[in-house]
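The structure under discussion appears below in the form of structure tokens.
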Amino acid sequence: MTNQRQWTAEQIPDQTGRVFVVTGANSGLGLATTRALARRGGHVILAVRDEEKGRRAAAGIAAEQPGAALEVRHLDLADLDSVRAFAEKLHADHARLDVLVNNAGLMAPPRTLSAQGHELQFACNHLGHFALTGLLLDLLTAGRDPRVVTVSSVNHRKAHLRFDDLTGERSYSPMGFYNQSKFANAVFGQELHLRLARSGSPIRSLLAHPGYTATNLQTSAPIGLWRLVFGTIGNPLLAQPPARGALPQLYAATDPAAEGGQFIGPDGMAELRGGPTRVQLCPAAADRGTGRRLWELSERLTGVRFVIPARA
């Protein structure tokens with residue numbers, strides 16, 4: 001990948017006619033991604049847990065960009081029944097999907113279990129996106145230059161998978177389990193790339209991370225010291241704005257030079273800020289044994305088995 005220090009959203013090619021799903025699209029990185037894609041002509045489906053917030057976000061974009069092609073649809077990634085309902089309705093209304101941006105995330109809440117009994121961050125950040133991707137694979141296969149972009153974090157390098165205590169019943173750390181979910185995102189994106197490539201699928205799987213970006217992720221769920229460190233102090237002093245933080249996932253979703261299996265992040269010091277460039281997956285996340293184990297576990301926990309069709 002060439003140096004992309006100067007790459008900006010203005011370099012996104014014309015996206016007219018392309019259909020995108022962006023999870024968590026009503027705020028932060030998701031909103032910035034949606035705004036940039038709509039500006040370049042993309043038809044963007046805002047997949048959001050709070051539909052009222054989603055409608056307000058869409059209205060704001062439409063006010064800035066009259067004629068923007070936007071849909072707001074309910075999706076609670078922490079509830080696998082909601083994921084299935086979203087996928088069923090999308091199949092009823094769309095014959096194809098060009099890009100899925102697995103962007104939504106939850107960060108460092110108190111220990112909570114999802115509707116299906118999974119630790120909430122693992123359920124929302126990983127299992128929901130895993131299931132959503134699997135359920136939309138046929139629509140993606142029919143897409144034009146189809147891609148899956150999964151948003152991880154630089155924090156994936158601090159984590160491993162606690163296969164013996166995924167719900168945190170024995171020991172729970174809010175940030176530790178957030179890091180684990182981001183590690184799972186990284187493992188999933190890489191394993192998906194390998195499986196797609198092996199099957200001859202036209203779909204590209206890429207990973208992206210935003211560095212340190214000021215969003216409500218740091219202020220809405222974290223408690224106590226974490227909220228103080230990441231939200232009250234860290235965001236104003238260190239973080240870049242969402243429009244800047246979204247550039248790696250926008251590059252991965254739209255640039256012709258982006259290739260399957262690449263991990264795109266900021267090019268600045270410690271990958272916290274800067275323009276999009278190719279960065280490295282930590283060796284543990286690239287381990288094939290870990291990838292296969294997480295994949296098999298995720299299929300069992302979600303009930304979604306991936307059927308990867310080759311190009312029609």
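Bear in mind these aren't lab numbers, they're just calculated from the coordinates by the rules spelled out. Because the structure is a prediction, the values reported are computed rather than measured. Neighbour counts run over all protein chains shown; Cβ positions are idealised from the backbone, glycine included.
General remarks:
- Taking the charge dipole of the chain about its Cα centre, with +1 at Lys and Arg Cβ atoms and -1 at Asp and Glu Cβ atoms, the residue from G41, L140, A9 reaching farthest to the positive side is A9.
- Size descriptors for region 1-115, from the alpha-carbon set: Rg then Dmax equal 15.1, 44 Å.
- Choice from R273, R195, R147 with maximal GNM fluctuation in the chain (Cα, 10 Å cutoff): R195
- Rel. contact order, % - alpha carbon contacts under 8 angstrom, at least six apart, the chain: 20
- Here the Gaussian network model covers the chain, with springs between Cα atoms less than 10 Å apart; of N26, N179, N216, N216 fluctuates the most.
- Extension reserve of the N216-D50 stretch, reckoned as 0.36 nm per residue once the Cα distance is removed: 58.3 nm
- Charge context of L207, other residues only, Cβ under 14 angstrom, K/R +1, D/E -1: +2
- Here the translational diffusion coefficient of the chain follows from Stokes-Einstein with Rh set to the Kirkwood radius across Cα pairs; for 20 °C and 1.002 mPa s it amounts to 112 µm²/s.
- FRET efficiency, S173 to Q280 (Cβ-Cβ, R0 25 Å, nearest 0.05): 0.50
- Relative to the current alpha-carbon distance between D138 and E88, full extension at 0.36 nm per residue lengthens the span by 16.8 nm.
- With Cα atoms as the point set, the radius of gyration and Dmax of region 151-210 evaluate to 13.6, 42 Å.
- Segment A95-V307, extension gain: residue separation times 0.36 nm, minus the distance between their alpha carbons: 74.6 nm
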